[in-house]
Every structure is written in structure tokens, then in C-alpha cells.
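See structure below.
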Amino acid sequence: MAHDTHIHVRTQSEFEYAKKKRADEMKGHLATFAIMIFLTLIAFTMVAAGFSTYLIVPIILLMAGIQVILQLYYFMHLSGKGHGMVAFFLFCGIFVAFITVLALVTIVWW
Amino acid sequence: MSSIAQKKGFGATIWDFMTTVDHKKIAILYLISGGFFFLVGGIEAMLIRIQLAKAGNDFLSAGLYNEIITMHGTTMIFLASMPLLLAFMNAIMPLQIGARDVAFPFLNSLGFWLFFFGGIFLNLSWFMGGAPDAGWTNYASLALASEGHGIDFYTLGLTISGFGTLIAGINFLVTIINMRAPGMTYMRMPLFTWTTFVASALILLAFPPLTVGLFFMIFDRLFNSSFFVVEMGGNTIIWEHLFWIFGHPEVYILILPAFGIFSEIFAIFSRKRLFGYTALVFATILIGFYGFMVWAHHMFTVGLGPTANAVFALATMIIAVPTGIKIFNWLLTIWGGSISFTVPMIYAVAFIPSFVAGGVTGVMQAIAPLDYQLHDSYFIVAHFHYVIVGGVVLGILAGTHLYWPKMFGTMLSEKLGKWTFWFFFIGFHLTFFIQHFLGLMGMPRRVYTFGADQGWDLFNAISSAGAVFMAIGVIILLVNVVMTTIKNERVGNDPWGDGRTLEWAIPSPPPFYNFAQTPLVRGLDTFWIEKMDGNKKGMIFAEPLGDIHMPNNSIIPFVISLGMFIASFGALYFLDGDKPWALAVLIIGLLITFGSMLVRSLKDDLGFYITKEELLEDAKGGKTDGH
Ligand code: HEM
Ligand SMILES: [Cu+2]
């Protein structure tokens with residue numbers, strides 16, 4: 001039961017596996033960080049260059065969407081073990097919010 | 001904590017229920033308060049039918065009639081049907097997955113008390129200047145024009161009880177995801193657990209839009225904002241959207257658990273494994289999914305335009321497909337089974353044609369051009385009573401008979417149960433079948449009276465007569481409950497003799513820790529598998545007997561909810577101008593709520609252990625009781 005705490009001593013190979021995994025993760029973090037900065041730069045440049053708002057708005061929204069996903073997967077470990085249900089409910093929520101907003105925008109305010 | 005059975009005094013029992021965090025006791029609280037509100041809503045229904053029994057009746061005034069239909073609908077949906085279903089979910093679902101309690105016992109209690117105080121608050125409107133009168137859908141133009149505080153009771157009361165329901169839904173989701181016994185994979189979960197799961201997910205996703213709508217409404221009415229005020233640039237249709245984005249999933253929140261109860265009943269009393277278990281599970285998920293894409297079928301006549309109407313009409317018709325799949329699976333479960341017509345089974349068999357009738361009228365209404373004729377007529381009233389009474393209420397009555405022995409350890413009388421069934425069933429069809437024709441003859445819904453020259457007299461009289469039959473059925477049920485409780489003939493683990501799932505493998509009612517040892521699940525219909533293998537214990541165990549960690553009782557959920565209740569009165573009277581005490585009441589209420597939250601956060605509550613020795617003692621027949 002909960003109170004018989006079990007102490008686990010890691011073997012050498014387990015230790016190395018964990019170490020390698022962490023190194024990989026670190027690489028992922030840095031790469032996504034770079035991508036995110038790059039996306040932000042594009043956004044700012046587009047505004048600064050004075051493109052048409054009809055072009056800027058959808059592209060910025062798209063890039064924002066990409067950033068959210070990167071953020072969730074690489075920084076908030078959504079792909080990690082045991083996060084399946086969390087991800088599932090997150091996407092259900094996003095889905096419901098999306099069709100709601102879509103419907104309101106198209107049939108109430110259009 | 002003592003191992004010796006002790007008889008508690010009345011006061012101690014009340015205190016015990018006020019502080020309990022045990023899902024089985026919270027289930028009883030839900031059952032009692034849901035049952036109480038069911039009676040209140042029933043009395044309102046009788047008043048409506050008396051008023052409409054003859055042409056030009058003046059039993060109720062027009063204004064009072066509006067208040068009564070509003071409170072009837074609101075009470076039946078939010079305060080009766082949902083809590084009664086939550087009662088069965090609480091009582092049975094943790095047992096079905098082999099858990100000792102829900103994931104968050106404290107929150108479970110908080111969810112109940114919020115619902116309870118929200119419901120009481122709403123009903124106090126009767127004694128404090130008049131009930132809400134804009135219909136259970138509370139359409140904004142009507143609601144904003146309504147005088148007095150009725151609508152404010154509606155918005156604040158539903159906000160509080162809505163929080164409670166949301167908490168309950170989240171709690172069940174986490175429980176089902178995290179607390180299943182070893183071997184209880186998703187595709188081995190009993191259907192009632194599955195429907196609880198999907199209904200909880202719908203609660204999680206559907207209640208926020210309602211809360212948003214209610215907040216807008218509260219602000220419009222109490223603080224003079226203008227979300228729905230057209231003259232000020234608001235839009236009254238937005239309330240309708242928000243309400244129905246919640247409202248349509250809400251009807252599935254009601255019907256899915258009822259489907260779950262019926263699925264259990266069909267399997268148990270046909271003595272067969274459910275036909276098409278996988279199809280039933282996926283149909284449930286699909287219904288939950290589609291449920292969010294059809295809300296505008298309540299708004300065909302608003303003028304959304306032909307494209308929007310066509311899209312939503314099509315989406316609505318598609319929902320009938322998974323529903324049909326379920327009906328066929330149930331029929332094939334009965335087919336070739338060795339059927340025993342106990343009371344729950346009679347309800348289940350009667351449910352099929354009743355619900356199908358409601359589904360068929362639903363698809364008719366989904367045809368947008370036809371709905372221009374049907375909308376806001378008695379046809380709609382007939383439709384939703386066929387699905388809600390013929391589906392949800394029959395499910396609740398069936399569940400009451402089926403799970404009574406598991407919840408209370410005594411068996412409701414089968415004979416009286418059959419009387420209840422026949423009165424209720426005949427009364428139900430008598431009342432509502434004829435309303436289809438009233439609708440087709442042009443009788444609008446929500447009118448407080450009609451003229452003698454309109455030709456609706458006879459059908460309305462028949463409809464009112466049917467309501468009397470239903471009332472008699474309910475009264476017999478109450479007599480049944482009282483007699484069963486007085487007789488107090490205790491039953492064993494599996495009183496129906498054909499139980500298939502884990503809840504029937506443990507005593508009725510179960511000990512407060514449910515399972516002395518966590519069971520190991522070897523397949524669908526766990527208990528049935530063990531029975532067929534000749535396992536006398538009814539289950540195999542996943543762990544040796546050991547100490548069990550249990551949560552402590554707490555009064556804090558009650559106090560938090562009480563604070564919200566008090567604060568609501570302050571908010572309600574706050575802007576009246578002539579009531580300076582209102583602000584003080586608001587602040588005191590909020591202080592109570594946040595103060596008790598603070599106490600909860602600062603004070604460690606580590607729970608307690610039931611020792612192995614006490615469990616052994618208990619197994620020998622001494623009765624362990626919690627606090
Ligand atoms: C085959 C499935 C169903 C279809 C196609 C369907 C379709 C519809 C449509 C189109 C309406 C709007 C009619 C109008 O106001 O003009 C409606 C109203 C309603 N339905 Fe259904 N429905 C279905 C199942 C259900 C179920 C299972 C429930 C509840 C358990 C339910 C409860 C209601 C309620 C309460 C209303 C009336 C709301 C109001 O205006 O007060 N329906 N249905
Ligand atoms: Cu609907």
C-alpha cells in the first residue's frame with residue numbers, strides 16, 4: 001500500500017539510458033526554442049514591412065497555433081508517457097471551443 | 001474508528017451525512033435531495049395539468065403559470081434528473097471499477113453541497129417575491145424584461161449548482177481514468193461506467209458555455225451591462241446560442257447514464273453478455289461527440305439562413321444513427337436470452353418503444369422546413385417528454401429498483417414495483433401521446449389557457465387524466481420505499497442472482513472501504529466470469545490484505561457551499577438601492593467561503609488507516625464503521 005514506500009536503486013544501464021534521454025530532450029528544447037523565435041521574428045517583420053492585414057492576420061494566427069502545439073509537446077511534455085488522456089481532453093476542448101467560435105463568427109456576426 | 005457496531009443517534013447520523021466524503025453516502029444524499037426536487041417538480045406539473053384540464057380555466061393566473069412552467073422545467077432537468085443520475089453514478093461506478101472511493105472524495109462532497117444549496121436558493125424564490133418566469137431556456141429578451149428578482153434567483157442558483165455539477169463531472173473523469181482496478185482495461189469497463197465517463201466529459205465541456213451565458217445575464221441584469229440588449233448594441237441571439245451549446249449536450253448528459261443503466265439491466269436479466277459491447281461503447285462516444293454539433297436545431301426559426309439550417313439539420317439526423325445502433329444491440333441482447341421479467345427489466349423493455357417514439361419525432365423536428373410548423377407547439381412538448389420521461393425517468397425508476405439493494409441492503413417490493421410501473425407507464429403515454437396531435441392541431445406551448453372554440457378541450461382533458469395516473473404511480477413508489485425500509489429484510493451480495501459486474505461481488509451495502517482487497521479483473525463481466533469458474537469469493541485479488549488509507553470526514557465542503565449561498569442573497573439584493581445590508585451579506589458570504597477554503601489549504605489532513613486486524617475482524621462479522 002501507499003505507506004510501504006519502495007526505494008528503487010538504478011542500475012548503470014538505466015542511468016545511462018536516462019542520461020541519453022535527457023540529452024535528446026535538451027536538443028528538442030533548443031531546436032523548438034529556435035523555431036519559436038524564428039516564427040516570432042517572421043510575425044514582427046511582416047507587420048513592420050506593412051503587408052496587407054488580410055495576409056498578416058491569418059498567418060499570425062497560424063503561427064500562433066503552431067507555437068501553442070510546440071509549447072505543449074516540447075515544453076509541457078504532452079507526448080510523455082501517461083499524458084494520452086490529458087491530450088485527448090485538451091483536444092476535445094479545443095475542438096468544441098473552435099466550432100463554437102466558428103459558428104458564432106459565421107452565423108451570428110457575419 | 002471502532003470495530004464494534006454502534007447505533008448512532010439521530011443528530012449523529014445527520015452530522016455524519018453533513019461531513020461524509022464516502023461516495024456511497026454522498027450517493028444517498030443525491031438520491032434524497034434529487035427525489036425531493038422530483039416531487040416538487042411533479043407537484044408543479046400537476047398544477048400545470050390542472051390549469052390546462054379545461055378551456056378557459058382560471059385555476060392559475062397567467063403570470064403564476066409562467067413561473068410554474070419555468071420552475072417545473074428547471075427543477076426537473078437541473079435539480080431532479082441530473083442529481084438522481086449522479087446518485088447512481090456515485091453509488092455504483094466506483095464499485096464497478098473496483099475502486100475504494102472516487103479520486104477526490106472531498107470535492108465529491110463539495111459538488112453535492114453546491115448543487116444542494118443552489119437548488120434550495122432557486123426554490124426559495126417562491127417565498128421571496130416570485131419565481132423566474134422566462135421558461136427553463138430563459139431567453140434573454142424575456143429574461144431582461146422580467147420584473148422582480150425571479151430571474152436573478154435562476155441565474156445565481158444555476159451558477160452555484162452548475163459549479164457543483166462541473167466538480168462532480170471532473171471527479172468522475174479522474175476516477176475512471178486513474179482508479180480502475182488492475183486488469184480493468186477501458187474495454188472491460190461495464191457500460192454504466194462508460195456512459196458515466198462520456199456524460200462526465202460532456203459535463204466538463206458543456207457547462208462552461210452555460211456559465212458564460214449566466215455570467216453575461218447576471219451582469220446585464222444586476223450591473224447594467226448590455227451583452228443581450230439590442231438597443232445598446234448587444235445581441236439577444238447570443239444567449240440562445242450559449243444556452244443551446246450547453247443545452248443539447250445536456251440532454252445527452254441525461255440520457256447516456258440512463259442508457260448505461262438499461263444496458264446493465266438487459267444483460268443481467270437476459271442472462272447474456274451484452275450483444276455488441278464494442279459497438280455500444282463507440283456509439284456512446286460518437287453520440288457524445290456529435291452532441292456538440294447540433295445545437296442550432298433548437299434555433300431553426302431564428303433566421304440563421306438556409307445554409308446554417310441545412311448543416312445543422314443534417315448533423316442532427318446523423319445523431320440518430322448511433323442511437324439506432326444502441327437500440328438494435330439491446331434488442332439482440334434480449335434475443336435468445338433467458339429472460340426474467342423483474343421490475344427493472346419491465347422498465348427496460350418498456351423504455352425501448354417509448355424512447356424510439358421520441359427519437360422519431362426528434363428526426364422529424366430535425367427537418368428544418370417541417371420544424372417551422374412544429375416549433376413552439378405541443379409537438380415539441382410531446383417530443384422531449386417522450387425522450388426524457390420515456391428515456392431518462394424510466395431509467396431512473398429502473399435504476400432505483402435495480403440498485404436499491406446495493407445502496408440500502410433491502411429489496412423494494414416487486415409487486416408494488418409492478419403497480420408503480422403500470423400506473424406510470426400508462427399515465428405517461430396517456431399524457432404525452434395525445435400532445436403530438438395537439439401540436440399538429442396548432443396548440444402553442446407555454447400558453448396558460450385556451451378557448452373552448454379551439455377544439456383542444458378533449459385532448460387536454462385526456463392529457464391531464466394521464467398525469468393523475470403518473471402521480472399515483474409515484475405515490476405507490478413512495479409507499480414501497482417506506483414499507484421496504486420498515487420491514488428491513490437484509491439481502492446478500494447478489495440479490496438479483498444474476499449480477500455480472502463487480503458491485504454484486506461485495507456485500508449490500510458495501511463496507512465503507514468497498515474492497516478489503518483490490519480485485520483483479522480478468523475480463524468483461526468480471527463477477528460473472530468468477531461465478532462461472534466456481535470461485536466462491538466472487539473475485540480474485542490483486543494484493544494481499546493490508547492496511548487501507550482512508551480520507552477523513554470534513555464539514556468544510558458544507559461551509560464553503562453555505563458561504564456561496566449566503567453571498568448569493570447579497571448579490572441578488574445588492575443593486576436594489578434601498579437595501580444597504582446587501583453588501584454586508586455579500587461580503588460575509590464570500591468571507592465564509594474563502595475563509596473555509598483557506599482553512600482547508602493550510603490545515604494538513606492526512607486521513608487515517610484501517611489496520612489489517614480491523615479488516616480481519618470485519619470479515620468475521622463484526623461490523624466496522626467509519627466515522
Ligand atoms: C434522435 C435524437 C434526437 C433528435 C434528432 C432531436 C431533435 C430535436 C429538435 C430538432 C428539437 C427542437 C425542436 C424545436 O424546438 O423546434 C428538439 C427539442 C428538444 N429535445 Fe430533442 N432530439 C433528439 C433526442 C433527444 C433526447 C435524447 C433528449 C433528452 C433526453 C431530447 C430533449 C429535447 C428537449 C428538452 C427539447 C426541447 C427544448 C426546449 O425547447 O425547451 N432530445 N429535439
Ligand atoms: Cu437538441
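Computed from the coordinates by the stated procedures, all read-outs in this text should not be read as laboratory data. Model, not experiment: these values are computed from the prediction. Reconstructed Cβ throughout: ideal geometry from the backbone, glycine too, with neighbour counts over all protein chains shown.
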Checked B:Asn535, B:Asn553 against criteria (outside any helix (DSSP H, G or I) and closer than 27 Å to B:Ser263 by Cα); the one match is B:Asn535
Evaluate the following for B:Ser61: is it within 16 Å of ligand 2 (Cβ to nearest atom) and hydroxyl-bearing (Ser, Thr, Tyr)?
-> no
Return a yes/no flag: does region B:63-73 have any residue that is crowded, with 24+ Cβ neighbours inside 10 Å and within 27 Å of B:Met187 (Cβ to Cβ). no
- Task: For B:Ser340, state whether it is out of contact with any strand residue (DSSP E or B) (no Cβ under 8 Å at 6 or more places or on another chain) and either near ligand 1 (Cβ under 9 Å from one of its atoms) or not in a loop (DSSP other than H, G, I, E, B) (or both).
- Result: no
Within region B:139-177, residues surrounded by 18 or more Cβ atoms within 10 Å (Cβ to Cβ) and within 16 Å of ligand 2 (Cβ to nearest atom) come out as none
Checked region B:518-527 for anything out of contact with any Gly (no Cβ under 8 Å at 6 or more places or on another chain) and either within 14 Å of another protein chain (Cβ to nearest Cβ) or hydrophobic (A, V, I, L, M, F, W, C) (or both); matches are B:Leu524
Condition set facing another protein chain (nearest Cβ under 9 Å) and of a type in the set (Gly, Ala, Ser), scope region B:289-327, selection surrounded by the most Cβ atoms within 10 Å (Cβ to Cβ): answer is B:Ala296
When restricted to B:Gly399, B:Gly427, the only residue away from ligand 1 (no atom under 16 Å from the Cβ), among the small types (Gly, Ala, Ser) and surrounded by 21 or more Cβ atoms within 10 Å (Cβ to Cβ) is B:Gly427
Within region B:349-363, restricting to residues that are within 16 Å of ligand 2 (Cβ to nearest atom) and in contact (Cβ under 8 Å) with a residue 12 or more places away in the chain, the one that is surrounded by the most Cβ atoms within 10 Å (Cβ to Cβ) is B:Phe355
Of the conditions (1) away from every other protein chain (no Cβ under 14 Å); (2) assigned to a helix (DSSP H, G or I), the single one that B:Ser225 does not satisfy is (2)
Taking region A:42-86 and the residues there that are small (Gly, Ala, Ser) and under 13 Å from the mean Cα position of the chain (by Cα), the one that is nearest to the other protein chains (Cβ to nearest Cβ) would be A:Gly80
Taking region B:274-329 and keeping residues within 12 Å of ligand 2 (Cβ to nearest atom) and in a loop (DSSP other than H, G, I, E, B) leaves B:Val294, B:Met299
Note on region A:87-98: residues β-branched (Val, Ile, Thr) and either loosely packed, with under 14 Cβ neighbours inside 10 Å or more than 7 Å from chain B (Cβ to nearest Cβ) (or both) are A:Ile94
B:Lys8 fails exactly one of (1) within 30 Å of B:Leu616 (Cα to Cα); (2) surrounded by 19 or more Cβ atoms within 10 Å (Cβ to Cβ); (3) among the basic types (Lys, Arg), namely (2)
When restricted to B:Met550, B:Met483, the only residue in contact (Cβ under 8 Å) with a residue 12 or more places away in the chain and within 27 Å of the chain's Cα centre (by Cα) is B:Met483
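Residue-by-condition table, conditions (1) away from ligand 1 (no atom under 16 Å from the Cβ); (2) surrounded by 19 or more Cβ atoms within 10 Å (Cβ to Cβ); (3) within 14 Å of B:Ala140 (Cα to Cα); (4) within 14 Å of chain A (Cβ to nearest Cβ):
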residue	(1), (2), (3), (4)
B:Leu210	no, yes, yes, yes
B:Gly213	no, yes, yes, yes
B:Glu231	yes, no, yes, no
B:Asn235	yes, no, yes, yes
